[in-house]
1. How many percent of the accessible area of the range 459-531 is carbon or sulfur, using a 1.4 Å probe?
2. Give a residue-ordered list of calculated ³J(HN,Hα) values for the range 354-364 (Karplus: 6.51 cos²θ - 1.76 cosθ + 1.60, θ = phi - 60°; whole Hz; x for Gly, Pro).
3. Return the subset of Lys115/Lys164; Lys103/Lys490; Lys64/Lys503 for which the Cα-Cα distance in this structure is over 30 Å, preserving the input order.
4. Relative contact order for the range 529-586: what is it in percent, counting Cα pairs under 8 Å that are at least 6 residues apart?
5. In terms of modelled amide H atoms, which long-range or inter-chain residues lie less than 5 Å from the amide H of Ser404?
6. If each of Val263 and Gln240 carries a label point 7 Å out from its Cα toward its Cβ, how far apart are those two points in nm?
7. So what's the net charge close to Val389: Lys and Arg +1, Asp and Glu -1, counting the other residues with Cβ under 12 Å from its Cβ?
8. Using DSSP to call loops (not H, G, I, E or B), can you name the trypsin sites (Lys or Arg not before Pro) in the range 532-576 whose Cβ has at most 16 other Cβ atoms within 10 angstrom?
Amino acid sequence: MAKRGSRRTAQANRKPAKQPLSGWRLWFRRLIIGGVLAGVLAVVFVGLAVVFAARSLPTYQELKATQTAQTIIVRARDGSEIVELGPSFGEWLDSGEIPDVMKEAMIAVEDRRYKSHFGVDPIGLARAVYVAATGNGRIAGTSTITQQLARNVFLNSNRTLDRKLREAVLAMALESKFSKEQILELYLNKVYFGGGAYGIDSASRKFFSHPATELSTAEAAIIAGLVKAPSRYSPTADVQAAVDRAQVVLRLMKEQERISPDVTVDLSAVKLKEERGQNSVRYFTDWALPQLDLLLPETFEPIEVWTTLDVGMQRAASASIKSNTPDGAQGALVSLDRDGAILAMVGGTDYVETNYNRASDAMRQPGSAWKLFVYLAALEAGYTPEDRVVDAPVTIDGWSPKNSNGKFSGEINVRTAFAYSKNTVAAQLGNEVGFGTVASMARRFGISTPISTFPAMVLGSSETRVIDMTRAFAGVSAGGRSVEPYGIVKVTTAGGETLYQHKSARGSRLVPEYVAAGMTDLMQTAVNTGTGKAAQIGRPVAGKTGTTSSNKDGWFIGFSSGITTGVWMGRDDAKRVAGLQGGRAPARAFAAYMRYAVKDRPIEKFNTELKLPEWQLEPDEEFYFGDPEDYYYIDEQGNLIEPGGPDGPRDPAFPIDGEQGRPGAAPARQTPGGDGPPAASDDFLERATGERNRSAPPPTPPNPAAEASPDSEDPG
């Protein structure tokens, strides 16, 4: 009994066997264990990634020296800065030089827990995930200052999971290698604030015209507010948006007790820097700066480009185009100094609305302005401004040009035909000298676009550019020498080292000087009494109007006091512009600009004196044989005898042999007209041929009848 009782007691004290877990509990347990293991492995993996990333990071000094792109400061001809292009990094400010209010403003708006996290903000990430789960489903605003620095320096802005993971690893690596103060210093000196400004010093100088060491609380709030959307909150783009964003920054600073709640900031007292060079001057920089690829060796250091642009003339050019261009049309202007330096360039009425440069890129028909090349070819072929031509109906290869007024003036001189832009005369001259010759003349003067050689080409049917036509007229102003437009004088580094220097070269001779003088005569008359009277400015001006069919294009190109300016107006879609003629709006724009451009230059009279070459001054071929009533004749031995016989007058430039010390020598024979060297004497010929030792009959006296009445045989 006792044994049985003890057995029962043992059975009663024995623990029941464990029951196997149900299916869902087993899987849950496995999930927990797997999650823990995965978490541990992830931590190990991330830790290793951070360690390796930290080891591969550049040193702090290397990060400070890193610059991602080139800064270009463009200067006018007087040395003043007209525009800054590309990223600007300003001066590097050490942590101790950065105002505390700037640091606090940036932390308040971008990363309030910056001083407590390890590169990634878990609290901020959790909050963002919660907002996304209960809101629009998008995780935003999770990047810390350290993550932003990692992205700006090492990565791009793609919104991909892979990029975010690498960004987080690099942020933790930065935190492990550098102090908070160092990271904040890097960030404030490298972050982009809009307008090409990288770093707070560049932003301060760009927006407030002073270094960042002098930032006020209000200015610091404006700069800190730019990081979220530089283009949207930029003070130069939208002042009110910048102020509203700064108010948000100030509110956050007060909520986080970074500034006293009692501090009041008057944002209206902030003086923003006047934005310069953002309109018409950009047409010039867009044309000039691409040339740096050819002028300079490859370099990424900051450079300063010294240009030919005159700031005052550029403003005057822009104003003249805006105020004179008809509604719905566009305008362009190019102005060259006598050496080809571009003083002003306007490619449209407003660069902000359209940055297409009509001065250098647009190809338009020049109309009658093309007659420059027709008359140059005619003058070179022998015409003079006084020569007579006939303004009458003409047909050339089935083409019958008409004058703009539909009338014909009959016989007029070349000067009048050009001044009143007679199409029929231009057609006749072009046909006479050859349309290919006219095209060749245009090529000679710098026209690089395709040129037609059909008869209508004399009226400007071939398209060309404003800058090329202006260059051609500048060649006439230069006395018939080539002019090469240029805009860059020199390029230097930020330290003053010269990388490029423009070298002036004497232009090549395009046409004789008398041809250029004759052309200037014609163009001066066109302004004084012809189609270009609206271009008068109170001093000598030479130029030419141009108008295409249906008033699609209007031109005036001319020069005065060494400045050549070309103006074009028309629509980009080449539709008709009511009342647009070259002698109206373009000529008025030319005059408005040129009055300013030449105001400080002396008045220069044009060289229109025609110093023609001998072949144009000689009346006929008889010039080569002297006076028609005073011919030479030939004696019976074939010698030319001067008029008046042996005792007649002689040219002292050609003395006879006897006068040179050989008595009895035969007189030297003269070339016709006495212009050449003396012919060989009979004495010389006898000695040279051996006839001196031979007996010869005495010479027969010349026939008086032959001397008095030369026969019809040409004495030459």
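1. 44 percent
2. Working through the residues one at a time gives 8, 9, 5, 8, 6, 6, 10, 10, 5, 10, 9 Hz.
3. The pairs that break the limit, which is 30 Å between Cα atoms, are Lys103/Lys490; Lys64/Lys503.
4. Relative contact order for the range 529-586 comes out at 35 percent.
5. Long-range HN contacts for Ser404: Asn423.
6. 2.7 nm
7. -2
8. Those satisfying the criteria are Arg571, Lys575, Arg576.
The values are calculated or read from the model by the stated rules, or taken from the named source; none is laboratory data. Note that the structure is predicted; figures quoted are calculated from it, not measured. Reconstructed Cβ throughout: ideal geometry from the backbone, glycine too, with neighbour counts over all protein chains shown. These area figures cover heavy atoms from the full protein model, side chains too; ligands, DNA and RNA do not enter into them. Shrake-Rupley method; radii C 1.70, N 1.55, O 1.52, S 1.80 Å.
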